[in-house]
Amino acid sequence: MSSIPPQRVTKKGYTPLEVRRALSVSLFSWGIGAAFFAVINGPVFTYFLTKYLHTSDTVFGLITGLGAFGVLFQLLGSYVIERTGHIKRNFVIFGILGRLPWLAVAAIPLFCPVRDGMSSGGQAMVVLLACTLCAMLINFGGAGWSAWIAAIVPSSVAGKFFGYRIGLGQLSSVLTASMTTLLLMRYVGEGWIYAVIFTLAALAGITEVVCYLPVRQIPRPIEESPPTPAEIVTTPWRNALFLRYSLYTLVTWISYTMLGPFLWRFFYETKANHGLEMSVFNATLLLYILPTILMAWASPIWGRAVDRFGCKPVLAASALGQILPGIPWAIMRPDFVWAIPLMMLIGGLMWPGIDQVNMYMQVREFPELRRTTFNAMSAIVVGLASTIGPIFGGLCAGFWQQHLHQLPFLPSWISHYHLVFLTGMVLRTLTLLLLLPRIPLAWAAGKATVTWSVAADLLASIPGLHRRPRKLFPARPRVTR
(Lines give C-alpha, C1' and ligand atoms only; values in the text may rest on other atoms or scores of the structure.)
Protein backbone atom coordinates (compact mmCIF):
# COMPACT_ATOMS: atom_id res chain seq x y z
CA MET A 1 0.00 0.00 0.00
CA SER A 2 2.89 2.37 0.61
CA SER A 3 3.56 2.64 -3.14
CA ILE A 4 -0.01 3.76 -3.92
CA PRO A 5 -0.61 7.52 -3.93
CA PRO A 6 -2.92 8.47 -1.04
CA GLN A 7 -5.39 10.21 -3.34
CA ARG A 8 -5.86 6.95 -5.21
CA VAL A 9 -6.99 5.04 -2.13
CA THR A 10 -10.64 4.99 -1.08
CA LYS A 11 -11.64 5.65 2.50
CA LYS A 12 -11.86 1.91 3.17
CA GLY A 13 -8.38 1.19 1.86
CA TYR A 14 -9.16 -0.04 -1.66
CA THR A 15 -7.89 1.72 -4.76
CA PRO A 16 -10.37 2.65 -7.53
CA LEU A 17 -8.77 -0.05 -9.68
CA GLU A 18 -9.35 -2.63 -6.96
CA VAL A 19 -12.97 -1.52 -6.60
CA ARG A 20 -13.59 -1.89 -10.33
CA ARG A 21 -11.88 -5.28 -10.36
CA ALA A 22 -13.89 -6.51 -7.38
CA LEU A 23 -17.17 -5.38 -8.93
CA SER A 24 -16.30 -7.06 -12.23
CA VAL A 25 -15.29 -10.28 -10.50
CA SER A 26 -18.46 -10.30 -8.42
CA LEU A 27 -20.61 -9.94 -11.54
CA PHE A 28 -18.70 -12.41 -13.70
CA SER A 29 -18.29 -15.08 -11.03
CA TRP A 30 -21.96 -15.00 -10.11
CA GLY A 31 -22.86 -15.52 -13.75
CA ILE A 32 -21.00 -18.84 -13.43
CA GLY A 33 -21.98 -19.67 -9.86
CA ALA A 34 -25.66 -19.14 -10.54
CA ALA A 35 -25.50 -22.08 -12.95
CA PHE A 36 -24.36 -24.29 -10.06
CA PHE A 37 -27.21 -23.19 -7.82
CA ALA A 38 -29.71 -23.43 -10.71
CA VAL A 39 -28.92 -27.13 -10.94
CA ILE A 40 -28.84 -28.04 -7.25
CA ASN A 41 -31.92 -25.95 -6.37
CA GLY A 42 -33.80 -26.02 -9.65
CA PRO A 43 -35.90 -28.27 -11.85
CA VAL A 44 -33.15 -30.79 -12.61
CA PHE A 45 -32.67 -31.76 -8.98
CA THR A 46 -36.43 -31.77 -8.37
CA TYR A 47 -36.94 -34.02 -11.39
CA PHE A 48 -34.08 -36.25 -10.24
CA LEU A 49 -35.75 -36.77 -6.84
CA THR A 50 -39.24 -37.14 -8.26
CA LYS A 51 -38.84 -39.11 -11.47
CA TYR A 52 -35.51 -40.90 -11.03
CA LEU A 53 -35.32 -41.72 -7.31
CA HIS A 54 -39.13 -41.76 -6.93
CA THR A 55 -39.02 -40.25 -3.45
CA SER A 56 -42.20 -39.84 -1.41
CA ASP A 57 -43.52 -36.40 -0.43
CA THR A 58 -42.09 -36.81 3.07
CA VAL A 59 -38.61 -37.84 1.90
CA PHE A 60 -38.67 -35.15 -0.78
CA GLY A 61 -39.48 -32.50 1.84
CA LEU A 62 -36.77 -33.87 4.14
CA ILE A 63 -34.05 -33.70 1.48
CA THR A 64 -35.17 -30.28 0.28
CA GLY A 65 -35.35 -28.93 3.83
CA LEU A 66 -32.31 -30.44 5.52
CA GLY A 67 -30.09 -29.23 2.70
CA ALA A 68 -30.59 -25.76 4.16
CA PHE A 69 -29.82 -26.90 7.70
CA GLY A 70 -26.09 -26.35 7.11
CA VAL A 71 -26.69 -22.60 7.24
CA LEU A 72 -26.09 -22.91 11.00
CA PHE A 73 -22.41 -23.09 10.10
CA GLN A 74 -22.54 -19.44 9.07
CA LEU A 75 -22.51 -18.68 12.78
CA LEU A 76 -19.33 -20.69 13.29
CA GLY A 77 -17.78 -19.02 10.25
CA SER A 78 -18.68 -15.60 11.65
CA TYR A 79 -17.06 -16.51 14.97
CA VAL A 80 -13.81 -17.39 13.20
CA ILE A 81 -13.88 -14.18 11.14
CA GLU A 82 -14.55 -11.90 14.11
CA ARG A 83 -11.58 -13.42 15.95
CA THR A 84 -9.16 -13.44 12.99
CA GLY A 85 -10.41 -10.70 10.62
CA HIS A 86 -9.84 -12.96 7.58
CA ILE A 87 -12.70 -13.69 5.17
CA LYS A 88 -11.11 -14.53 1.82
CA ARG A 89 -9.14 -17.54 3.01
CA ASN A 90 -12.18 -19.31 4.46
CA PHE A 91 -14.32 -18.34 1.49
CA VAL A 92 -11.96 -19.89 -1.04
CA ILE A 93 -11.03 -23.07 0.84
CA PHE A 94 -14.45 -24.06 2.13
CA GLY A 95 -16.25 -22.72 -0.92
CA ILE A 96 -14.35 -25.18 -3.10
CA LEU A 97 -14.79 -28.06 -0.65
CA GLY A 98 -18.50 -27.30 -0.45
CA ARG A 99 -19.02 -28.01 -4.15
CA LEU A 100 -17.33 -31.42 -4.10
CA PRO A 101 -20.17 -33.42 -2.42
CA TRP A 102 -22.20 -33.01 -5.60
CA LEU A 103 -19.75 -35.33 -7.31
CA ALA A 104 -21.10 -38.05 -4.98
CA VAL A 105 -24.64 -37.28 -6.16
CA ALA A 106 -23.38 -37.45 -9.75
CA ALA A 107 -21.94 -40.90 -9.04
CA ILE A 108 -25.29 -42.42 -7.99
CA PRO A 109 -26.66 -43.00 -11.53
CA LEU A 110 -23.31 -44.46 -12.59
CA PHE A 111 -22.46 -46.77 -9.69
CA CYS A 112 -25.83 -47.30 -7.98
CA PRO A 113 -28.46 -46.78 -10.67
CA VAL A 114 -32.19 -47.08 -10.13
CA ARG A 115 -33.51 -50.31 -11.61
CA ASP A 116 -37.11 -51.11 -12.55
CA GLY A 117 -38.27 -47.76 -11.17
CA MET A 118 -37.33 -48.71 -7.61
CA SER A 119 -34.76 -46.76 -5.59
CA SER A 120 -33.16 -47.79 -2.33
CA GLY A 121 -33.07 -45.85 0.90
CA GLY A 122 -29.29 -45.73 0.57
CA GLN A 123 -29.47 -43.60 -2.56
CA ALA A 124 -31.72 -41.04 -0.87
CA MET A 125 -29.41 -41.05 2.16
CA VAL A 126 -26.38 -40.24 -0.02
CA VAL A 127 -28.27 -37.32 -1.56
CA LEU A 128 -29.37 -36.08 1.87
CA LEU A 129 -25.84 -36.25 3.29
CA ALA A 130 -24.35 -34.58 0.20
CA CYS A 131 -26.86 -31.71 0.33
CA THR A 132 -26.27 -31.18 4.05
CA LEU A 133 -22.47 -31.34 3.80
CA CYS A 134 -22.51 -28.97 0.82
CA ALA A 135 -24.61 -26.46 2.75
CA MET A 136 -22.43 -26.72 5.86
CA LEU A 137 -19.16 -26.05 4.04
CA ILE A 138 -20.48 -23.34 1.73
CA ASN A 139 -22.10 -21.47 4.60
CA PHE A 140 -19.04 -21.72 6.82
CA GLY A 141 -16.84 -20.31 4.06
CA GLY A 142 -19.32 -17.71 2.88
CA ALA A 143 -20.12 -16.28 6.31
CA GLY A 144 -18.28 -13.02 5.70
CA TRP A 145 -18.69 -12.62 1.94
CA SER A 146 -21.30 -9.85 2.18
CA ALA A 147 -19.20 -7.91 4.73
CA TRP A 148 -16.15 -8.25 2.46
CA ILE A 149 -18.03 -6.96 -0.59
CA ALA A 150 -19.86 -4.30 1.43
CA ALA A 151 -16.49 -2.78 2.29
CA ILE A 152 -15.69 -2.44 -1.41
CA VAL A 153 -18.97 -1.49 -3.11
CA PRO A 154 -19.60 2.29 -3.00
CA SER A 155 -22.65 3.14 -0.90
CA SER A 156 -24.20 5.33 -3.61
CA VAL A 157 -24.62 2.43 -6.05
CA ALA A 158 -25.07 -0.53 -3.69
CA GLY A 159 -28.72 -1.19 -4.51
CA LYS A 160 -28.22 -0.76 -8.24
CA PHE A 161 -25.08 -2.93 -8.31
CA PHE A 162 -26.62 -5.83 -6.42
CA GLY A 163 -29.68 -5.50 -8.64
CA TYR A 164 -27.55 -6.01 -11.74
CA ARG A 165 -25.67 -8.83 -10.05
CA ILE A 166 -28.86 -10.67 -9.17
CA GLY A 167 -30.25 -10.05 -12.64
CA LEU A 168 -27.14 -11.47 -14.30
CA GLY A 169 -27.32 -14.54 -12.11
CA GLN A 170 -30.96 -15.04 -12.98
CA LEU A 171 -30.21 -14.91 -16.70
CA SER A 172 -27.51 -17.52 -16.16
CA SER A 173 -30.02 -19.62 -14.22
CA VAL A 174 -32.51 -19.43 -17.09
CA LEU A 175 -29.95 -20.57 -19.64
CA THR A 176 -28.82 -23.39 -17.37
CA ALA A 177 -32.34 -24.56 -16.61
CA SER A 178 -33.29 -24.43 -20.28
CA MET A 179 -30.30 -26.43 -21.50
CA THR A 180 -30.44 -29.04 -18.75
CA THR A 181 -34.19 -29.51 -19.17
CA LEU A 182 -33.80 -30.06 -22.91
CA LEU A 183 -31.10 -32.63 -22.16
CA LEU A 184 -33.43 -34.44 -19.76
CA MET A 185 -36.11 -34.56 -22.46
CA ARG A 186 -33.63 -35.74 -25.08
CA TYR A 187 -32.26 -38.52 -22.87
CA VAL A 188 -35.37 -39.25 -20.84
CA GLY A 189 -35.00 -42.12 -18.40
CA GLU A 190 -31.20 -42.39 -18.81
CA GLY A 191 -29.34 -41.99 -15.54
CA TRP A 192 -25.97 -41.01 -16.98
CA ILE A 193 -27.30 -37.60 -18.05
CA TYR A 194 -27.78 -36.67 -14.38
CA ALA A 195 -24.16 -37.63 -13.72
CA VAL A 196 -23.00 -35.30 -16.49
CA ILE A 197 -25.17 -32.38 -15.33
CA PHE A 198 -24.25 -32.64 -11.63
CA THR A 199 -20.53 -32.96 -12.45
CA LEU A 200 -20.55 -29.88 -14.68
CA ALA A 201 -22.50 -27.99 -12.02
CA ALA A 202 -19.88 -28.82 -9.38
CA LEU A 203 -17.11 -27.59 -11.69
CA ALA A 204 -19.03 -24.36 -12.34
CA GLY A 205 -19.39 -23.82 -8.60
CA ILE A 206 -15.66 -24.31 -8.04
CA THR A 207 -14.88 -21.87 -10.87
CA GLU A 208 -17.06 -19.23 -9.21
CA VAL A 209 -14.94 -19.39 -6.04
CA VAL A 210 -11.61 -19.42 -7.90
CA CYS A 211 -12.56 -16.17 -9.64
CA TYR A 212 -12.17 -14.33 -6.32
CA LEU A 213 -8.47 -15.16 -5.96
CA PRO A 214 -7.30 -11.79 -7.48
CA VAL A 215 -9.61 -9.77 -5.18
CA ARG A 216 -7.83 -8.43 -2.11
CA GLN A 217 -9.45 -8.45 1.30
CA ILE A 218 -8.38 -5.98 3.96
CA PRO A 219 -8.70 -7.91 7.23
CA ARG A 220 -11.55 -6.71 9.39
CA PRO A 221 -10.49 -4.93 12.58
CA ILE A 222 -10.40 -7.27 15.56
CA GLU A 223 -11.84 -6.12 18.85
CA GLU A 224 -9.44 -5.82 21.76
CA SER A 225 -11.55 -8.41 23.53
CA PRO A 226 -12.72 -10.82 20.79
CA PRO A 227 -16.33 -11.96 21.16
CA THR A 228 -17.07 -15.25 22.84
CA PRO A 229 -19.28 -17.84 21.16
CA ALA A 230 -22.12 -16.78 23.46
CA GLU A 231 -21.72 -13.14 22.39
CA ILE A 232 -21.70 -14.15 18.74
CA VAL A 233 -25.06 -15.83 19.26
CA THR A 234 -26.72 -13.18 21.43
CA THR A 235 -25.43 -9.90 19.95
CA PRO A 236 -27.85 -9.74 16.97
CA TRP A 237 -30.88 -10.53 19.10
CA ARG A 238 -30.25 -7.53 21.35
CA ASN A 239 -30.82 -5.29 18.33
CA ALA A 240 -34.52 -4.38 17.92
CA LEU A 241 -34.28 -3.98 14.15
CA PHE A 242 -32.67 -7.37 13.69
CA LEU A 243 -35.07 -9.08 16.09
CA ARG A 244 -38.25 -7.90 14.39
CA TYR A 245 -36.92 -8.24 10.86
CA SER A 246 -35.80 -11.81 11.60
CA LEU A 247 -39.15 -12.79 13.06
CA TYR A 248 -40.87 -11.53 9.93
CA THR A 249 -38.31 -13.31 7.72
CA LEU A 250 -38.67 -16.61 9.58
CA VAL A 251 -42.42 -16.92 9.18
CA THR A 252 -42.50 -15.51 5.65
CA TRP A 253 -39.79 -17.81 4.32
CA ILE A 254 -41.51 -20.81 5.85
CA SER A 255 -44.52 -19.90 3.74
CA TYR A 256 -42.36 -19.44 0.63
CA THR A 257 -40.40 -22.68 0.97
CA MET A 258 -43.35 -24.86 1.91
CA LEU A 259 -45.03 -23.81 -1.32
CA GLY A 260 -42.26 -23.68 -3.92
CA PRO A 261 -40.96 -27.28 -3.92
CA PHE A 262 -44.45 -28.77 -3.97
CA LEU A 263 -45.53 -26.73 -6.95
CA TRP A 264 -43.13 -28.89 -8.93
CA ARG A 265 -44.69 -32.04 -7.52
CA PHE A 266 -48.15 -30.68 -8.36
CA PHE A 267 -47.10 -29.96 -11.93
CA TYR A 268 -45.67 -33.45 -12.39
CA GLU A 269 -48.60 -35.28 -10.72
CA THR A 270 -51.05 -37.04 -13.03
CA LYS A 271 -54.50 -35.62 -13.72
CA ALA A 272 -56.00 -38.77 -12.24
CA ASN A 273 -54.47 -37.68 -8.93
CA HIS A 274 -55.64 -34.06 -9.45
CA GLY A 275 -52.27 -32.80 -10.67
CA LEU A 276 -51.48 -30.90 -13.88
CA GLU A 277 -49.46 -33.72 -15.52
CA MET A 278 -47.03 -31.42 -17.31
CA SER A 279 -43.81 -32.39 -19.00
CA VAL A 280 -40.54 -31.38 -17.39
CA PHE A 281 -39.98 -28.73 -20.08
CA ASN A 282 -43.40 -27.10 -19.71
CA ALA A 283 -43.09 -27.11 -15.93
CA THR A 284 -39.62 -25.59 -16.13
CA LEU A 285 -40.81 -22.97 -18.61
CA LEU A 286 -43.66 -21.82 -16.38
CA LEU A 287 -42.18 -22.23 -12.91
CA TYR A 288 -38.55 -21.34 -13.59
CA ILE A 289 -37.66 -19.83 -16.93
CA LEU A 290 -40.48 -17.30 -17.26
CA PRO A 291 -40.29 -15.86 -13.72
CA THR A 292 -36.49 -15.87 -13.71
CA ILE A 293 -36.30 -13.85 -16.93
CA LEU A 294 -38.73 -11.37 -15.41
CA MET A 295 -36.71 -11.21 -12.20
CA ALA A 296 -33.53 -10.55 -14.16
CA TRP A 297 -35.25 -7.65 -15.91
CA ALA A 298 -36.75 -6.20 -12.73
CA SER A 299 -33.87 -6.70 -10.27
CA PRO A 300 -31.87 -3.52 -11.10
CA ILE A 301 -35.07 -1.46 -10.99
CA TRP A 302 -36.00 -2.81 -7.58
CA GLY A 303 -32.43 -2.10 -6.47
CA ARG A 304 -32.88 1.54 -7.43
CA ALA A 305 -36.22 1.52 -5.61
CA VAL A 306 -34.45 0.48 -2.40
CA ASP A 307 -31.94 3.31 -2.88
CA ARG A 308 -34.82 5.73 -3.40
CA PHE A 309 -37.51 4.65 -0.92
CA GLY A 310 -35.73 2.49 1.64
CA CYS A 311 -36.26 -1.13 2.62
CA LYS A 312 -39.62 -1.19 4.37
CA PRO A 313 -41.98 0.12 1.66
CA VAL A 314 -40.18 -1.94 -0.98
CA LEU A 315 -40.52 -5.07 1.16
CA ALA A 316 -44.22 -4.36 1.73
CA ALA A 317 -44.93 -3.87 -1.97
CA SER A 318 -43.03 -6.95 -3.09
CA ALA A 319 -44.52 -9.12 -0.31
CA LEU A 320 -48.02 -8.16 -1.42
CA GLY A 321 -46.94 -9.10 -4.94
CA GLN A 322 -46.31 -12.65 -3.71
CA ILE A 323 -49.73 -12.98 -2.08
CA LEU A 324 -52.21 -11.79 -4.70
CA PRO A 325 -50.93 -13.91 -7.63
CA GLY A 326 -50.37 -16.87 -5.29
CA ILE A 327 -53.97 -17.22 -4.09
CA PRO A 328 -55.13 -19.01 -7.29
CA TRP A 329 -52.78 -21.92 -6.51
CA ALA A 330 -55.23 -23.01 -3.82
CA ILE A 331 -57.91 -23.59 -6.48
CA MET A 332 -55.71 -24.49 -9.48
CA ARG A 333 -56.89 -27.27 -11.77
CA PRO A 334 -56.08 -28.28 -15.39
CA ASP A 335 -58.91 -26.06 -16.67
CA PHE A 336 -57.16 -22.98 -15.24
CA VAL A 337 -53.67 -23.57 -16.63
CA TRP A 338 -54.13 -20.54 -18.88
CA ALA A 339 -53.86 -18.31 -15.77
CA ILE A 340 -50.43 -19.61 -14.73
CA PRO A 341 -48.38 -17.34 -17.07
CA LEU A 342 -50.18 -14.28 -15.67
CA MET A 343 -49.56 -15.44 -12.10
CA MET A 344 -45.87 -16.02 -12.80
CA LEU A 345 -45.65 -12.66 -14.60
CA ILE A 346 -46.79 -10.75 -11.53
CA GLY A 347 -44.86 -12.89 -9.07
CA GLY A 348 -41.66 -12.77 -11.12
CA LEU A 349 -41.73 -8.99 -11.47
CA MET A 350 -42.45 -8.44 -7.76
CA TRP A 351 -40.06 -10.98 -6.19
CA PRO A 352 -36.79 -9.03 -6.77
CA GLY A 353 -37.89 -6.47 -4.18
CA ILE A 354 -37.57 -9.18 -1.51
CA ASP A 355 -34.13 -10.21 -2.77
CA GLN A 356 -32.92 -6.62 -2.88
CA VAL A 357 -34.12 -5.83 0.64
CA ASN A 358 -32.45 -8.95 2.05
CA MET A 359 -29.16 -7.99 0.43
CA TYR A 360 -29.43 -4.32 1.37
CA MET A 361 -30.13 -5.17 5.02
CA GLN A 362 -26.88 -7.14 5.16
CA VAL A 363 -24.65 -4.59 3.49
CA ARG A 364 -26.16 -1.34 4.81
CA GLU A 365 -28.83 -1.57 7.52
CA PHE A 366 -27.30 -3.95 10.07
CA PRO A 367 -24.67 -2.39 12.41
CA GLU A 368 -21.07 -2.26 11.18
CA LEU A 369 -19.75 -3.62 14.48
CA ARG A 370 -19.82 -7.43 14.25
CA ARG A 371 -21.68 -7.19 10.95
CA THR A 372 -20.60 -10.70 9.98
CA THR A 373 -22.40 -11.93 13.08
CA PHE A 374 -25.61 -10.16 12.10
CA ASN A 375 -25.35 -11.45 8.54
CA ALA A 376 -24.61 -14.99 9.69
CA MET A 377 -27.55 -15.02 12.07
CA SER A 378 -29.77 -13.56 9.34
CA ALA A 379 -28.72 -16.37 7.01
CA ILE A 380 -29.43 -18.87 9.77
CA VAL A 381 -32.95 -17.52 10.10
CA VAL A 382 -33.52 -17.97 6.36
CA GLY A 383 -31.88 -21.39 6.46
CA LEU A 384 -33.98 -22.47 9.42
CA ALA A 385 -37.13 -21.34 7.63
CA SER A 386 -35.96 -23.09 4.46
CA THR A 387 -35.53 -26.25 6.51
CA ILE A 388 -38.86 -26.03 8.31
CA GLY A 389 -40.85 -25.00 5.22
CA PRO A 390 -40.31 -28.03 2.95
CA ILE A 391 -40.45 -30.47 5.88
CA PHE A 392 -43.67 -28.89 7.12
CA GLY A 393 -45.03 -28.87 3.57
CA GLY A 394 -44.09 -32.54 3.14
CA LEU A 395 -45.77 -33.49 6.41
CA CYS A 396 -48.89 -31.53 5.44
CA ALA A 397 -48.98 -33.15 2.01
CA GLY A 398 -48.53 -36.62 3.48
CA PHE A 399 -51.18 -36.02 6.16
CA TRP A 400 -53.82 -34.69 3.78
CA GLN A 401 -53.12 -37.39 1.24
CA GLN A 402 -54.14 -39.92 3.88
CA HIS A 403 -57.07 -37.98 5.37
CA LEU A 404 -58.51 -35.94 2.51
CA HIS A 405 -61.36 -38.43 2.13
CA GLN A 406 -62.55 -37.43 5.61
CA LEU A 407 -63.58 -34.02 4.24
CA PRO A 408 -66.43 -34.98 1.89
CA PHE A 409 -67.63 -31.38 1.54
CA LEU A 410 -64.57 -30.45 -0.52
CA PRO A 411 -64.81 -30.51 -4.33
CA SER A 412 -63.64 -33.76 -5.89
CA TRP A 413 -60.79 -32.05 -7.77
CA ILE A 414 -59.12 -30.78 -4.57
CA SER A 415 -55.84 -32.57 -3.85
CA HIS A 416 -53.58 -32.63 -0.81
CA TYR A 417 -51.31 -30.14 -2.59
CA HIS A 418 -54.09 -27.52 -2.73
CA LEU A 419 -54.31 -27.52 1.06
CA VAL A 420 -50.53 -27.06 1.32
CA PHE A 421 -50.78 -24.04 -0.99
CA LEU A 422 -53.67 -22.59 1.00
CA THR A 423 -51.69 -22.84 4.24
CA GLY A 424 -48.77 -21.02 2.68
CA MET A 425 -50.97 -18.17 1.46
CA VAL A 426 -52.51 -17.74 4.92
CA LEU A 427 -49.05 -17.47 6.51
CA ARG A 428 -47.93 -14.88 3.95
CA THR A 429 -51.00 -12.74 4.60
CA LEU A 430 -50.58 -12.86 8.38
CA THR A 431 -46.93 -11.78 8.21
CA LEU A 432 -47.79 -8.84 5.96
CA LEU A 433 -50.57 -7.66 8.27
CA LEU A 434 -49.09 -8.39 11.70
CA LEU A 435 -45.28 -8.61 11.55
CA LEU A 436 -44.00 -6.33 8.77
CA PRO A 437 -45.52 -3.10 10.23
CA ARG A 438 -43.54 -3.68 13.46
CA ILE A 439 -40.12 -3.61 11.78
CA PRO A 440 -38.44 -0.34 12.89
CA LEU A 441 -37.47 0.96 9.45
CA ALA A 442 -38.35 4.26 7.78
CA TRP A 443 -41.58 4.26 5.78
CA ALA A 444 -40.88 6.79 3.03
CA ALA A 445 -43.74 5.86 0.70
CA GLY A 446 -46.77 3.62 0.43
CA LYS A 447 -46.96 0.25 -1.32
CA ALA A 448 -48.91 1.77 -4.21
CA THR A 449 -46.31 4.53 -4.69
CA VAL A 450 -43.44 2.05 -4.80
CA THR A 451 -45.29 -0.31 -7.14
CA TRP A 452 -46.32 2.56 -9.41
CA SER A 453 -42.76 3.87 -9.59
CA VAL A 454 -41.27 0.43 -10.31
CA ALA A 455 -43.91 -0.21 -12.98
CA ALA A 456 -43.08 3.12 -14.64
CA ASP A 457 -39.35 2.31 -14.62
CA LEU A 458 -40.05 -1.13 -16.08
CA LEU A 459 -42.05 0.39 -18.92
CA ALA A 460 -39.42 3.05 -19.49
CA SER A 461 -36.74 0.35 -19.77
CA ILE A 462 -38.48 -1.26 -22.75
CA PRO A 463 -36.77 -0.14 -25.99
CA GLY A 464 -38.94 2.11 -28.11
CA LEU A 465 -41.07 3.45 -25.28
CA HIS A 466 -40.73 7.06 -24.21
CA ARG A 467 -39.58 8.04 -20.76
CA ARG A 468 -42.36 8.25 -18.22
CA PRO A 469 -44.37 11.52 -18.25
CA ARG A 470 -43.30 13.77 -15.42
CA LYS A 471 -46.86 14.55 -14.28
CA LEU A 472 -47.95 10.93 -14.27
CA PHE A 473 -44.81 9.48 -12.68
CA PRO A 474 -43.14 12.30 -10.71
CA ALA A 475 -39.60 11.80 -9.51
CA ARG A 476 -39.41 10.52 -5.95
CA PRO A 477 -37.08 12.00 -3.34
CA ARG A 478 -34.14 9.95 -2.23
CA VAL A 479 -34.50 8.60 1.29
CA THR A 480 -31.92 9.94 3.75
CA ARG A 481 -31.07 7.59 6.56
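The values are calculated or read from the model by the stated rules, or taken from the named source; none is laboratory data. Please read these numbers as outputs of a predicted model, since none were measured by experiment. We place every Cβ from the backbone using ideal geometry, glycine too, and count neighbours over all the protein chains shown.
Please find, within region 363-398, the residue that is modelled with the highest pLDDT out of those that are surrounded by fewer than 20 Cβ atoms within 10 Å (Cβ to Cβ) and either under 16 Å from PHE266 (Cβ atoms) or out of contact with any helix residue (DSSP H, G or I) (no Cβ under 8 Å at 6 or more places or on another chain) (or both).
Going through the qualifying residues, I end up with GLY398.
Specify which of the listed residues (LEU435, LEU404) is at negative phi and within 22 Å of the chain's Cα centre (by Cα).
Working: LEU404 fails: within 22 Å of the chain's Cα centre (by Cα).
Unique residue meeting the criteria: LEU435.
Please list, ordered by first then second residue, the pairs with beta carbon atoms under 9 Å, 6 or more apart or interchain, first in region 169-185 and part of a helix (DSSP H, G or I), second basic (Lys, Arg).
If the second residue must be basic (Lys, Arg), the pairs left are LEU184/LYS51.
Residue-wise test of (1) surrounded by fewer than 20 Cβ atoms within 10 Å (Cβ to Cβ); (2) within 24 Å of the chain's Cα centre (by Cα); (3) modelled with pLDDT of 80 or more.
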{"site": "ASN90", "(1), (2), (3)": "yes, yes, yes"}
{"site": "ILE96", "(1), (2), (3)": "yes, yes, yes"}
{"site": "LEU100", "(1), (2), (3)": "yes, yes, yes"}
{"site": "ALA107", "(1), (2), (3)": "yes, no, yes"}
{"site": "PHE111", "(1), (2), (3)": "yes, no, yes"}
{"site": "MET118", "(1), (2), (3)": "yes, no, no"}
{"site": "GLY121", "(1), (2), (3)": "yes, no, no"}
{"site": "ALA124", "(1), (2), (3)": "no, yes, yes"}
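I'd like the residue in region 13-52 that is of a type in the set (S, T, N, Q) and outside any helix (DSSP H, G or I) and, out of all such residues, is farthest from SER279 (Cα to Cα).
Filtering region 13-52 for residues of a type in the set (S, T, N, Q) gives 15, 24, 26, 29, 41, 46, 50.
With the extra rule that they be outside any helix (DSSP H, G or I), the set shrinks to 15, 41.
Values: THR15: 52, ASN41: 19 Å.
Taking the candidates together, the pick is THR15.
Within region 328-336, identify whether any single residue is within 17 Å of ILE166 (Cβ to Cβ), buried (at least 21 other Cβ atoms within 10 Å of the Cβ) and of a type in the set (A, V, I, L, M, F, W, C), and answer yes or no.
Here is the first cut: in region 328-336, the residues within 17 Å of ILE166 (Cβ to Cβ) are none.
Within region 328-336, none of the residues are within 17 Å of ILE166 (Cβ to Cβ), buried (at least 21 other Cβ atoms within 10 Å of the Cβ) and of a type in the set (A, V, I, L, M, F, W, C).
Are any residues in region 333-351 in contact with a helix residue (DSSP H, G or I) (Cβ under 8 Å, 6 or more places away or on another chain) and at pLDDT below 90, and if so, which ones?
Scanning region 333-351 gives PRO334, PHE336.
Do you know which residues across region 49-68 are of a type in the set (A, V, I, L, M, F, W, C), buried (at least 20 other Cβ atoms within 10 Å of the Cβ) and under 16 Å from the mean Cα position of the chain (by Cα)?
ALA68
Taking region 224-245, which residues are touching a Phe, Trp or Tyr at 6+ places or on another chain (Cβ under 8 Å) and modelled with pLDDT of 85 or more? Let's see the steps before the verdict.
First pass over region 224-245, keeping only residues touching a Phe, Trp or Tyr at 6+ places or on another chain (Cβ under 8 Å): 227, 229, 232, 235-236, 239, 241-243.
Selection gives THR235, PRO236, ASN239, LEU241, PHE242, LEU243.
Can you confirm whether region 271-281 contains a residue that is basic (Lys, Arg), out of contact with any Phe, Trp or Tyr (no Cβ under 6 Å at 6 or more places or on another chain) and farther than 20 Å from LEU432 by Cα? I'd like the intermediate steps shown before the answer.
Of region 271-281, the ones basic (Lys, Arg) are 271.
This time we only want the ones that are out of contact with any Phe, Trp or Tyr (no Cβ under 6 Å at 6 or more places or on another chain), so: 271.
Restricting the remaining residues to those that are farther than 20 Å from LEU432 by Cα gives 271.
Looking for residues that are basic (Lys, Arg), out of contact with any Phe, Trp or Tyr (no Cβ under 6 Å at 6 or more places or on another chain) and farther than 20 Å from LEU432 by Cα, one finds at least one in region 271-281, hence yes.
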